[in-house]
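Enquirer: Mind having a look at this structure? Questions to follow.
The values are calculated or read from the model by the stated rules, or taken from the named source; none is laboratory data. Computed from a prediction, not measured in an experiment: that's the story for all the values here. Glycine also receives a Cβ, built like all others from the backbone with ideal geometry; neighbour counts cover every protein chain displayed. Just the protein is used for accessible areas: all its heavy atoms, side chains included, with ligands, DNA and RNA removed. Shrake-Rupley method; radii C 1.70, N 1.55, O 1.52, S 1.80 Å.
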Amino acid sequence: MDKIIKLSELFEVTTDYLLKDDAEDIFGDLPESFGETELFYAHPEELSARKPSVRRVSLEEGETFMALTEKMSSRIAGAVSLFILSPIPLILLGGAAEYRHSPLTEDMAGGFGVALLLILVAIGVAVWILNGTQLSDYEYLETAAIHTDSRLIEIAEEKRRAFEPTYRVMITIGVFLCIIGVIPLLMAAGFTEDEFILVCCVGILLFLISVGVHLFVRFGMIQESYDKLLQRGDYTEEKKALGRKTSFFPKVYWCLVTAIYLGISFYFSNWHISWIIWPVAGVLFAALYSIVQAIMSKSK
């Protein structure tokens, strides 16, 4: 009885739970080297020190998470698209101000353009915060070891298999849009010297990229919701442990990028050019993050 009470305190469950058939779920959470016999004969202090940090995910909790992610994905993807679209008014107004008979001066174009840019960014940030915080209760799925209800695993696997063809098609379309977006700009550069046409082609490029990124984010979030519950892909226990070690990098990196972007833009007043920092930073982030993860994985 003393051992049973110790076990109930250790796993934070009732003694009735331990004495019923469901108790086998607890042993399923433990590593193979930590057998049932060893568990019952371990010293209480040693037992407490070896307590596994595993969080149980119920069927109801998992289904709520998947439904909420599907609902929030389109809104968060829309917010990301707004960030990419935000420089377009500034670029177009700046190009229009170059015409001789344009009623817009460069100062007017810059003022209106920056104002519209900040409005779009503010809307995107508001949408991101309002919707992203609703998923904050499930952040543990990205970092903690979890024990998922067996029925939930079946449902998540079924949804993943049914969704996978759609995911592949949408990601393919997104990549296609990002690639062909540069074609109008290349064609215009080869057939005309009109700067406003070139500026319009830059706007088309950003628009197509925003649509492609929208597809990446929206359908990627849904796919990741299944991977998180199934602990597959980037959410295996090994990669979660590595992610906890490198969690500092994205925060530091994007804060620095934002500071550099705002500093350069305000100091040189080149908002129509400085937007290029974001796509460059995005590509550079993937490379640097991979290097940081490789270094951390070797330092285990």
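Enquirer: For region 227-300, which helices (runs of 4 or more DSSP H) that fit wholly inside it have 2 or more residues that are under 30 Å from A145 (Cα atoms) and at pLDDT below 80? Reasoning before the result, please.
Expert: On the way: elements: 237-245, 248-268, 271-274, 277-298.
Here the list reads 237-245, 277-298.
Enquirer: Return yes or no: is G95 closer than 30 Å to T258 by Cβ, touching a Cys at 6+ places or on another chain (Cβ under 9 Å), in contact (Cβ under 8 Å) with a residue 60 or more places away in the chain and not aliphatic (A, V, I, L, M)? Talk me through it step by step, then tell me what you get.
Expert: Numbers: closer than 30 Å to T258 by Cβ: yes; touching a Cys at 6+ places or on another chain (Cβ under 9 Å): yes; in contact (Cβ under 8 Å) with a residue 60 or more places away in the chain: yes; not aliphatic (A, V, I, L, M): yes.
Yes; evaluated as a whole, the condition is true for this residue.
Enquirer: Here's a follow-up. For region 195-209, does any single residue satisfy the condition of being within 29 Å of A67 (Cα to Cα), touching a residue at least 12 places away in the same chain (Cβ under 8 Å), of a type outside the set (F, W, Y) and surrounded by fewer than 13 Cβ atoms within 10 Å (Cβ to Cβ)?
Expert: No, region 195-209 contains no residue that is within 29 Å of A67 (Cα to Cα), touching a residue at least 12 places away in the same chain (Cβ under 8 Å), of a type outside the set (F, W, Y) and surrounded by fewer than 13 Cβ atoms within 10 Å (Cβ to Cβ).
Enquirer: Out of all the residues in region 67-84, is one or more in a helix (DSSP H, G or I), farther than 30 Å from I119 by Cβ, modelled with pLDDT of 50 or more and not β-branched (V, I, T)? Even if it seems obvious, please write down each step before you answer.
Expert: From region 67-84, those in a helix (DSSP H, G or I) are 67-84; that's our starting set.
Still in the list and also farther than 30 Å from I119 by Cβ: 67.
Filter once more, keeping what is modelled with pLDDT of 50 or more: 67.
Next cut, not β-branched (V, I, T) only: 67.
Checking region 67-84: at least one residue is in a helix (DSSP H, G or I), farther than 30 Å from I119 by Cβ, modelled with pLDDT of 50 or more and not β-branched (V, I, T).
Enquirer: Looking at G233, G190, can you tell me which residue is surrounded by fewer than 16 Cβ atoms within 10 Å (Cβ to Cβ), free of Cβ contacts under 8 Å to residues at least 40 places away in the same chain and at positive phi? Write out each step before concluding.
Expert: Values: G190 fails: at positive phi.
From the options G233, G190, the qualifying one is G233.
Enquirer: Does region 215-230 hold any residues that are of a type in the set (D, E, K, R) and either over 14 Å from the mean Cα position of the chain (by Cα) or surrounded by fewer than 20 Cβ atoms within 10 Å (Cβ to Cβ) (or both), and which are they?
Expert: Filtering region 215-230 down to residues of a type in the set (D, E, K, R) leaves 218, 224, 227-228.
Hits for region 215-230 are E224, D227.
Enquirer: Look at G212 and say whether it is buried (at least 18 other Cβ atoms within 10 Å of the Cβ), in a helix (DSSP H, G or I) and more than 21 Å from the chain's Cα centre (by Cα). Before you say what the answer is, go through the steps one by one.
Expert: Values: buried (at least 18 other Cβ atoms within 10 Å of the Cβ): yes; in a helix (DSSP H, G or I): yes; more than 21 Å from the chain's Cα centre (by Cα): no.
No: the conditions fail for G212.
Enquirer: Can you pull out the residues in region 113-134 that are open to solvent by 30 Å² or more (accessible area, probe 1.4 Å) and either of a type in the set (S, T, Y) or under 18 Å from K71 (Cα atoms) (or both)?
Expert: Result: V125, A126, V127, W128, I129, L130, T133, Q134.
Enquirer: Of everything in region 174-208, what is outside any helix (DSSP H, G or I) and either of a type in the set (A, V, I, L, M, F, W, C) or under 18 Å from S86 (Cα atoms) (or both)? Give them in sequence order. Working first, answer last.
Expert: Taking region 174-208 as the starting set, the residues that turn out to be outside any helix (DSSP H, G or I) are 181-182, 192-194.
Selection gives G181, V182.
Enquirer: Kindly indicate which of S74, S86 is under 30 Å from L135 (Cα atoms) and in contact with a Lys or Arg (Cβ under 9 Å, 6 or more places away or on another chain). Before the answer, list the steps.
Expert: Working: S86 fails: in contact with a Lys or Arg (Cβ under 9 Å, 6 or more places away or on another chain).
Answer to the check: S74.
Residue-wise test of (1) closer than 25 Å to E224 by Cβ; (2) in contact (Cβ under 8 Å) with a residue 12 or more places away in the chain.
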{"site": "G111", "(1), (2)": "no, no"}
{"site": "G132", "(1), (2)": "yes, yes"}
{"site": "S136", "(1), (2)": "yes, no"}
{"site": "E142", "(1), (2)": "yes, yes"}
{"site": "I153", "(1), (2)": "yes, yes"}
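Enquirer: With (1) open to solvent by less than 80 Å² (accessible area, probe 1.4 Å); (2) touching a residue at least 12 places away in the same chain (Cβ under 8 Å); (3) closer than 30 Å to I91 by Cβ as the list, and E106 as the residue in question, which single condition is left unmet?
Expert: Only one criterion in (1) open to solvent by less than 80 Å² (accessible area, probe 1.4 Å); (2) touching a residue at least 12 places away in the same chain (Cβ under 8 Å); (3) closer than 30 Å to I91 by Cβ is unmet by E106, namely (1).
Enquirer: Return only the number of the condition from (1) among the aromatic types (F, W, Y); (2) within 24 Å of V199 (Cβ to Cβ); (3) touching a helix residue (DSSP H, G or I) at 6+ places or on another chain (Cβ under 6 Å) that F249 does not satisfy.
Expert: (2)
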